[in-house]
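Notes follow the structure.
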Amino acid sequence: MESLNRMAIELVDEALEYAEELNVGAYELENEATVLDFGLEFDGGIEAGLLLTEIQTAGLATPGRDLAEIGGAPIPHVELSTDQPALALLCSQKASWELATEDFEGLGSGPARALVAEETEFRTVGYTDAFDLTALAVETDREPTAAAAAQVADLAEVEPTGVFLLAFPTASVAGSVTNAARVAELATFRLTELGYDPLNIVSATGRAPVAPVAASEEAAIGRTNDAVAYGGTAHLVVREEFDAFESVPSTAADEHGRPLASVFDDLEWNFEEVPADLFGPAKVTIDVLGGPTYVYGETSEDVLVESFEL
């Protein structure tokens with residue numbers, strides 16, 4: 001497999017070339033790292049969000065969009081498919097880099113994680129990347145700093161000039177799009193977390209509504225998670241049977257049934273306390289090659305109508 005970061009940087013170049021058309025901004029920090037603004041000071045948009053998603057998955061997943069109704073209201077939906085779920089979703093798209101310095105904090109996802117490769121997924125999949133340029137998508141409501149870029153450069157073992165930070169708030173169009181595109185990733189991760197070998201997942205497809213942009217980051221976090229937990233549908237093709245397929249969808253969680261912002265409020269927004277089984281698609285089909293096809297979970301339009309304030 002080619003370098004995830006090399007493939008992603010080709011897409012970063014596309015974002016830089018068409019920044020004006022995508023309504024995104026680009027600038028250099030003091031240490032010559034590059035920031036691409038997908039929704040902080042620039043509007044971004046659905047196309048920007050789709051390209052951001054491609055970068056997060058290192059070009060190994062195909063995102064698309066359509067229009068469907070929720071509560072009688074036409075709402076954009078995002079669908080993402082990949083035949084490389086272990087690499088595209090677990091080793092790249094997964095949001096797990098807690099980027100924190102004295103002057104910045106954000107949640108990172110994307111192929112830069114594969115240059116560090118310290119997470120369990122990389123040992124399980126058996127993949128470590130090596131490249132001199134890297135991209136990290138950062139979900140944040142602050143402008144990235146030189147210190148943040150330096151931290152990425154240090155951990156990824158590249159020069160700061162080779163760091164590209166793609167910044168977006170949850171409360172942005174691109175934020176809603178890229179979070180809706182996480183359904184396949186969350187289904188794949190949840191199945192892996194339950195003990196399934198990710199290398200036995202042949203392909204993954206996910207679809208979810210694009211949550212209306214909320215007025216605050218907290219409200220946006222609630223809405224975008226609801227879009228997946230109550231409106232997300234996934235289809236996985238796998239090689240082997242497993243005795244815990246029914247635990248993949250969010251409906252398996254005891255807290256399932258109310259907008260997630262209320263769950264987060266109860267836990268004082270301490271995400272370490274949130275049950276892991278809430279972070280899954282609402283409904284999943286698991287197709288075992290040469291075997292049965294299982295369907296678990298259900299979507300909840302009523303919760304989405306309440307969450308989206310339709």
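We did not get these values from a lab; they are worked out from the coordinates using the rules stated. Just so we're clear, the structure is a prediction, and the values are computed from it rather than from any experiment. Quick reminder, even Gly has a Cβ in these numbers, built from the backbone with ideal geometry, and neighbours come from all protein chains shown.
Before moving on, here are some points about what is shown:
- For the chain, a Gaussian network of Cα nodes joined below 10 Å ranks G71, G110, G45 by mean-square fluctuation, and the top entry is G71.
- Label assignment, P(r) over Cα pairs in 20 Å bins from 0, in percent derived from the structure, set (i) 34, 55, 11, 0; (ii) 28, 60, 12, 0; (iii) 36, 59, 5: (iii)
- Residue list for region 80-97, given a label point 7 angstrom along the Cα-to-Cβ vector of V202 and an amide N cut-off under 16 Å: 82-86
- Dividing the mean sequence gap of close Cα pairs (under 8 Å, 6+ apart) by how many residues the chain holds gives a relative contact order of 17 percent.
- Taking a sphere under 15 Å around the Cβ of V237 and counting the other residues whose Cβ falls inside, with K and R at +1 and D and E at -1, yields a net charge of -4.
- Only the Cβ atoms of Lys and Arg (+1) and of Asp and Glu (-1) were treated as charged; on that basis the dipole of region 4-308 about its Cα centre amounts to roughly 940 debye.
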